[in-house]
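The next block holds one structure in the form of structure tokens; read it before the comments.
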Amino acid sequence: MMNVWGNMAQYEAIAWSWEIAVYLFLAGLSSGSTIIGLLVKWNRHERNTYSIWDAMIKSGAITAPVSIFLGLMLLIFDLGKPFSFYWLFLSYNFNSVMTLGVLFLLIYTPTVIVFMVLVFEQTFVKYRAYILIEWLIDYIKSFHHYSKIIEYFLFATALCIGAYTGFLLCAIYAIPMWNSPILPILFLTSGVSSGIAVNILIGLLFFKSTMSEESVKYLLVLDLRVILTEIPLIGILFIGMGYEGGDSLVALKDALSTGLWAFIFWFGVIGVGLLLPLLTVIIALKSHVYRVGYIWMNSIVVILGVIMLRYYIVYAGQIYTGQ
Amino acid sequence: MIKKYRMIYDENLCIGCQSCSIACRVENNVSDSFFRLQVRMETRGIFPSLSMQFSRHACVMCENAPCVSVCPTHASFQTKDGLTHIDERLCISCKYCIVACPYEARFINPHTKAVEKCTFCFENRVSKEILPACVSICPTEALSFGDLNDKNSTVSQKSHKNYFTFPKEHLRTFPKVTLIPHKKGIKS
Ligand code: SF4
Ligand code: SF4
């Protein structure tokens, strides 16, 4: 719009757009699928007789590195100066959540890649190129007495990755919807939820032979609990904004009632992403039969819901600041 | 000696003539359709009891600057005089500071791709003891600029005589730009 004082485009532009929303989703997914892979490994493994690695662990070991890699690519190409990203490694500001994120990613990314290589060692052995990494694998395997410690370490870094994406936004007090301590917890939980869904899907697609009905059931029950946690967390986020008053209250009202983003929230995040999976999980668990159809449907709606939650928080947060 | 810079914008004296905005463009070579500074106006009240409200939008040079604390590479930094500046070379253009600034003061320069904002004309003028372009051109003296540590400066004098507000004071960013709010109100 043109005014006496000039063009307003620069003030209306959305600084962080879809790349950031998708990155937040992918980082959460990576962290969630690692967490889920490890939980299955710790809690379900003894009972699994099919293979040394349950399908859920395999899917986690694939999903985690692939999604964090894609996410990082997106993040770098979203920079206005993508080829200057190396400054992130040369000049640190420890007050900045982005710097902390870079440090977590520097630890987390190689660790999940190692995890993947170990889980898929049998597959890799078949290829010629394995010779190239054999020494590395042998070296890593020489630490196998510490495997439990490494797993705990991986679990802890995965938690950091999941939570940091929330802190990244939470540090911004100019934006009422982001400036809430609930956000890191919410992102972590919904990341776990997407981890469950994607692990199950990848398992169904590629590792059916090692898929155990038991661990799927275990995950579905877990998913039910995660979703039941997520709903009040979203509630608390908005209640907090309401009690904050002032700009926050205005932002809250606008974000929940106007335009496309309110629709995406009510229909996408709440309806498709939370209520529908709740319904299917309850039906699937109640009927006591392992119905692949339900599980497919459940996983897909959960993933859609988690993506829409990230989009909603990123966009509606920036658009509705209560001013 | 460390300076304590202060810019005062008197909403009562502003007539919305846009001279400051144009002076800023010329002085700092601001790219077309981007702004380091805007003076917006709004008509309030119901005819015939109307009043004009002017508001100045630019970096307010926060003492406690969110743009500086979020910047991952120290491209946004604060000098010992408390001014915030951008080192274009270090800026990776992640836009974190743009979302963090509560005053919508920052944008990406379309040519350098680095972040840009008002500098108080520090390099080109203030460091040479010349007033910022916007201040020196204002025909009604709605803008004044100077050092609060200097007891004889206009800003020190004005600071004693007027009632001030700080933009978005509740955020505790401690801006160096202060406002003398519009006093006339609307006759009803
Ligand atoms: S107004 Fe914005 S750009 Fe200027 S110092 Fe404050 S936060 Fe930084
Ligand atoms: S856009 Fe540039 S100045 Fe702003 S936070 Fe990122 S690196 Fe720092």
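The values are calculated or read from the model by the stated rules, or taken from the named source; none is laboratory data. What you are looking at is a predicted structure, and each value in this text was computed from that prediction instead of being measured. Glycine also receives a Cβ, built like all others from the backbone with ideal geometry; neighbour counts cover every protein chain displayed. For accessibility, only protein heavy atoms count, side chains too; no ligands or nucleic acids. Shrake-Rupley method; radii C 1.70, N 1.55, O 1.52, S 1.80 Å.
Of note:
- Selection from the stretch A:90-123 of residues that are modelled with pLDDT of 90 or more and aromatic (Phe, Trp, Tyr): A:Tyr92, A:Phe94, A:Phe104, A:Tyr108
- Test: B:Asn12 is in a loop (DSSP other than H, G, I, E, B), touching a Ser or Thr at 6+ places or on another chain (Cβ under 6 Å) and among the polar types (S, T, N, Q): no
Okay, residues lined up against (1) touching a helix residue (DSSP H, G or I) at 6+ places or on another chain (Cβ under 6 Å); (2) open to solvent by 30 Å² or more (accessible area, probe 1.4 Å):
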position	(1), (2)
A:Leu275	no, yes
A:Leu279	no, yes
A:Ile283	no, yes
A:Val292	no, yes
A:Ser299	yes, no
A:Gly305	yes, no
A:Ile313	no, no
A:Gly317	no, no
A:Tyr320	yes, yes
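- Qualifying residues in the stretch A:131-180 (those that are among the aromatic types (Phe, Trp, Tyr) and open to solvent by 50 Å² or more (accessible area, probe 1.4 Å)) - the one nearest to ligand 1 (Cβ to nearest atom): A:Tyr173
- Residues satisfying the stated conditions in the stretch B:1-46, i.e. within 14 Å of chain A (Cβ to nearest Cβ) and at positive phi: B:Gly16, B:Gln18, B:Ser33
- Only a single item in (1) more than 16 Å from ligand 2 (Cβ to nearest atom); (2) in contact with a strand residue (DSSP E or B) (Cβ under 9 Å, 6 or more places away or on another chain) is not met by B:Lys95, and it is number (1).
- When the stretch B:79-89 is filtered for residues that are in a loop (DSSP other than H, G, I, E, B) and either within 13 Å of ligand 2 (Cβ to nearest atom) or on the phi > 0 side of the Ramachandran plot (or both), the ones remaining, listed by number, are B:Gly82, B:Asp87, B:Glu88, B:Arg89.
- Helices (runs of 4 or more DSSP H) completely within the stretch A:80-193 that count 2 or more residues being within 14 Å of another protein chain (Cβ to nearest Cβ): A:87-90, A:97-119, A:147-170
- Selection status of B:His74, open to solvent by 10 Å² or more (accessible area, probe 1.4 Å) and within 10 Å of ligand 1 (Cβ to nearest atom): no
- Per the listing A:Lys217, A:Lys253, the residue uniquely open to solvent by 60 Å² or more (accessible area, probe 1.4 Å), assigned to a helix (DSSP H, G or I), charged (D, E, K, R) and touching a residue at least 12 places away in the same chain (Cβ under 8 Å) is A:Lys217.
Residue-by-condition table, conditions (1) in a loop (DSSP other than H, G, I, E, B); (2) free of Cβ contacts under 8 Å to residues at least 60 places away in the same chain; (3) within 16 Å of ligand 2 (Cβ to nearest atom):
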residue	(1), (2), (3)
B:Val39	no, yes, no
B:Cys91	yes, yes, yes
B:Val99	no, yes, yes
B:Thr119	yes, no, yes
B:Glu141	yes, no, no
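- Number of positions in the stretch B:101-113 that are more than 16 Å from the chain's Cα centre (by Cα), part of a loop (DSSP other than H, G, I, E, B) and at the interface with chain A (Cβ under 7 Å from one of its Cβ atoms): 1
- Sole exception among (1) modelled with pLDDT of 95 or more; (2) surrounded by fewer than 23 Cβ atoms within 10 Å (Cβ to Cβ); (3) facing another protein chain (nearest Cβ under 9 Å); (4) in contact with a strand residue (DSSP E or B) (Cβ under 8 Å, 6 or more places away or on another chain) for B:Ser69, by number: (4)
- Those residues of the stretch B:158-169 which are open to solvent by 70 Å² or more (accessible area, probe 1.4 Å), in a helix (DSSP H, G or I) and at pLDDT below 90, in sequence order: B:His160, B:Lys161
- Top-ranked residue of the stretch B:77-96 - restricted to ones that are open to solvent by 10 Å² or more (accessible area, probe 1.4 Å) and within 16 Å of B:Ala58 (Cα to Cα), ranked as nearest to the other protein chains (Cβ to nearest Cβ): B:Ile86
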